[in-house]
Amino acid sequence: MDIPYTVEPRADTGLYNAKVGIWLFLASEVMLFGALFSSYILLRVGATEGFWPHGWLNVPVGTCNTLVLITSSITTVMAWASLKMNQFSRFKLYHACTLCLALTFVGIKSYEYHDKFTHYEIALTDGRVADGHLVESKPEQVVISGHYVADRKELYDLHANKPHAHEEITIPRTQIQKMENYGPWHNTYTAIYFTLTGLHALHVIGGAIVIGFVWGPGSKLFQSDPERFTNRIEISGLFWHFVDLVWIFLFPVLYLL
């Protein structure tokens, strides 16, 4: 028995089933990310004055990742357009580019995550705070590349405070009161940052898996049912555009504001 409306549109919606399904799914995704963006706004508005981070993220790296994702949306459109023109080899080329760009995005985001997990704030017994990236950790001492501050508040607004010269600092374990990296447990900002960008990264990885399948073994369908295969590429492309659109909102909210 054939599944109805895989190619021809339904009479009630004017769309084939998969397209109806993806739009319903994307509507649920809008509600998911909408709730998280709303949480971000409420957390930021309710934060203690002077203790909401500014300048903690690398804007050039984030900008580069934004360009990577936007370019991937262009290549996925070109892949779909190539199929509409019955140019299968060009589809393979453009979709391979989309997959490579998706993996590049995840790679850059992994680099940013690694930077946060190796960046430490160390409270000392004399009241000072040492801040910097971990160089070496031994049972008797910790070595970081960073600087000292007298007040933790200096670490929050990096735009307003003058940049400190980084130097290699050796701290005996006996002087460390608390040592914590900039992971999601560090404060409210890093918690919402890792939640939003982590969920988005999972969507990128999921989309890349689908793109990899339809580019590889799934592309055999083009030989037997090219129109249905083209529809599959359109559906995966709609999801990919949504992933791109979410990042367009994430980038200015987290990196620029």
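Throughout, read-outs are computed from the coordinates displayed, never taken from laboratory work. The structure displayed is predicted, hence computed values, not measured ones. Every residue, glycine among them, receives a Cβ derived from its backbone with ideal geometry; neighbour counts consider all protein chains shown.
Of note:
- Considering each residue of segment 102-122 in turn, at least one proves to be under 22 Å from residue 231 (Cα atoms) and surrounded by 16 or more Cβ atoms within 10 Å (Cβ to Cβ).
- Count of segment 212-235 residues, restricted to those that are farther than 18 Å from residue 87 by Cβ and crowded, with 18+ Cβ neighbours inside 10 Å, is 1.
- Summed over segment 164-188, the residues that are farther than 17 Å from residue 128 by Cα and out of contact with any Leu (no Cβ under 8 Å at 6 or more places or on another chain) give a count of 6.
- Residue in segment 153-168 that is of a type in the set (D, E, K, R), buried (at least 16 other Cβ atoms within 10 Å of the Cβ) and touching a Lys or Arg at 6+ places or on another chain (Cβ under 8 Å) present: no
- Residue within segment 178-197 that is farther than 26 Å from residue 100 by Cβ and of a type in the set (Gly, Ala, Ser) present: yes
- When segment 84-130 is filtered for residues that are in a helix (DSSP H, G or I) and over 24 Å from residue 243 (Cα atoms), the ones remaining, listed by number, are 88, 89, 117.
- Residues in segment 80-101 that are among the hydroxyl-bearing types (Ser, Thr, Tyr), without any contact (Cβ under 8 Å) to a residue 40 or more places away in the chain and crowded, with 16+ Cβ neighbours inside 10 Å: 82, 94.
- Leading residue by the ranking (nearest to residue 249 (Cα to Cα)) among those in segment 11-57 that are assigned to a loop (DSSP other than H, G, I, E, B) and of a type in the set (A, V, I, L, M): 57
- Selection status of residue 144, closer than 30 Å to residue 72 by Cα and of a type in the set (Val, Ile, Thr): no
- Scanning segment 61-79 finds no residues that are surrounded by fewer than 16 Cβ atoms within 10 Å (Cβ to Cβ) and farther than 21 Å from residue 204 by Cβ.
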